[in-house]
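Encoded as structure tokens, the structure appears first; notes follow it.
The values are calculated or read from the model by the stated rules, or taken from the named source; none is laboratory data. What you see is a predicted model; the values in this text were computed from it and never measured. Cβ coordinates were reconstructed from backbone atoms using ideal geometry, including for glycine residues, and neighbour counts include every protein chain displayed.
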Amino acid sequence: MSAASLLTAIDAVLADPAAARHGLAEAAAERLNQAGWLAPTNRAGLVIGLDLGGTKLNGAIGDAQGAVIAEGTGATESANVDSVLGQLVEMVNDLMARAGATSDQVAQIVVGVPGVVAADGSVSLSPHVPFPAGVSLAKALSDATGLPVFVENDVNIAAVGEYSARQMQSGMLAFVALGTGIGMGLIVDSAILRGASGAAGEISILPFGADPLAAIAANPGGAFEAVVSTGGILERARRAGSSATTVRGLFDSAEGGDDLAKSIIDASLRDLATGLGAVVALLDPGVIVLGGGIGARPGVSEQVAHWLARLVPTPCAVERSRLGDRAGLLGALAQARRLARAALVADSFSADKGAAA
């Protein structure tokens, strides 16, 4: 059985332990129960989630049942990788102290970072935090804390948070974070879809425009992002003769009845829906969740849904983020719990096989 299938079986047990009937799910429930993971007062299965952004680091420690015990935040020390690592270690230690926990009670750390994360935990294409090529952040943080560490793209982790918030056990969800940039995380049957190189969901580089090759040449950071992000919307406004200096101001003007602002916002969201139409045509996600400074604004999901329904015949719900700017932090905690449970069950089965041999 694959790791994804094991995680799905465990999730099903945790959602309704009484529903476990036979096979792996029943065995998983037994092992999780023996280890205290199904007990509401368990303190042996604590997990830590860290959401590392370009300007801010958020952290939280939670228990096996999903409760958040303590949180912390601070400005990102992004001068170099050593300062970032030191801040992560400091946050881990601070969270454990706030929770009155020791390291032997913490089963897993998950870190969400901006950038493409390789299988070894190294990070590339991170515009705000400097990570040297080939250096595993996961290993460095694990060595410094003595704890298991898993590093994942921040938008993927936010997608996990939104998937968990909807208590989904199966099906597909696409989470799109839209603000100063655009990124997408994809969850399929509770598992993150990463792609061959870990770059699945890098929707910013979607070829876009009347001449996609020219658009890519002009915007090497991403042709689609250049159109629908904060900078793209403000550039559209400038060309249309608007005096708006912020996207928030543009939205406020549109909501106040400014026809020019309305047309700019409508055209921008129509372009966003066009890009998402390609996602629906290729992946049929079932639900697209919009987050970020622009995506989570009231009314945006409804406007995008309107245009998307006209572009593709495949039904797809478009929803506003339920977690807002906490999606990454809560997603990191949720992913940490899933990984810790899977490791616990896998170790138990391995021990059983060893004893039988």
Inset, instruction - For segment 50-65, name all the residues that are within 18 Å of THR180 (Cα to Cα) and either of a type in the set (Asp, Glu) or not in a strand (DSSP E or B) (or both). - result: ASP51, GLY53, GLY54, THR55
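Tally up the residues in segment 126-151 that are touching a residue at least 40 places away in the same chain (Cβ under 8 Å) and in contact with a Gly (Cβ under 6 Å, 6 or more places away or on another chain), please. Before you say what the answer is, go through the steps one by one.
Kept after step one, since they are touching a residue at least 40 places away in the same chain (Cβ under 8 Å), are these residues of segment 126-151: 127-132, 135, 137, 140-141, 144-151.
With the extra rule that they be in contact with a Gly (Cβ under 6 Å, 6 or more places away or on another chain), the set shrinks to 128, 137, 151.
Residues in segment 126-151 being touching a residue at least 40 places away in the same chain (Cβ under 8 Å) and in contact with a Gly (Cβ under 6 Å, 6 or more places away or on another chain): 3 in total.
Please go through segment 67-82 and give me each residue that is surrounded by 14 or more Cβ atoms within 10 Å (Cβ to Cβ) and modelled with pLDDT of 85 or more, ordered by number. Full working, then the answer.
Within segment 67-82, the subset surrounded by 14 or more Cβ atoms within 10 Å (Cβ to Cβ) is 68-72, 76-78, 81.
Across segment 67-82, the qualifying residues are VAL68, ILE69, ALA70, GLU71, GLY72, THR76.
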Inset, instruction - Residue by residue through segment 157-171, note down the ones that are at pLDDT 95 or above and not small (Gly, Ala, Ser). - result: ILE157, VAL160, GLU162, TYR163
Legend entry - Checklist (1) among the aliphatic types (A, V, I, L, M); (2) surrounded by 15 or more Cβ atoms within 10 Å (Cβ to Cβ); (3) at pLDDT below 95 applied to ILE109, failing item: (3)
Legend entry - Verdict on LEU260 being modelled with pLDDT of 95 or more, over 30 Å from the mean Cα position of the chain (by Cα), assigned to a helix (DSSP H, G or I) and surrounded by 13 or more Cβ atoms within 10 Å (Cβ to Cβ): yes
Legend entry - Whichever residue in segment 43-57 is within 18 Å of the chain's Cα centre (by Cα) and surrounded by fewer than 22 Cβ atoms within 10 Å (Cβ to Cβ) and, among such residues, is nearest to ALA97 (Cα to Cα): LYS56
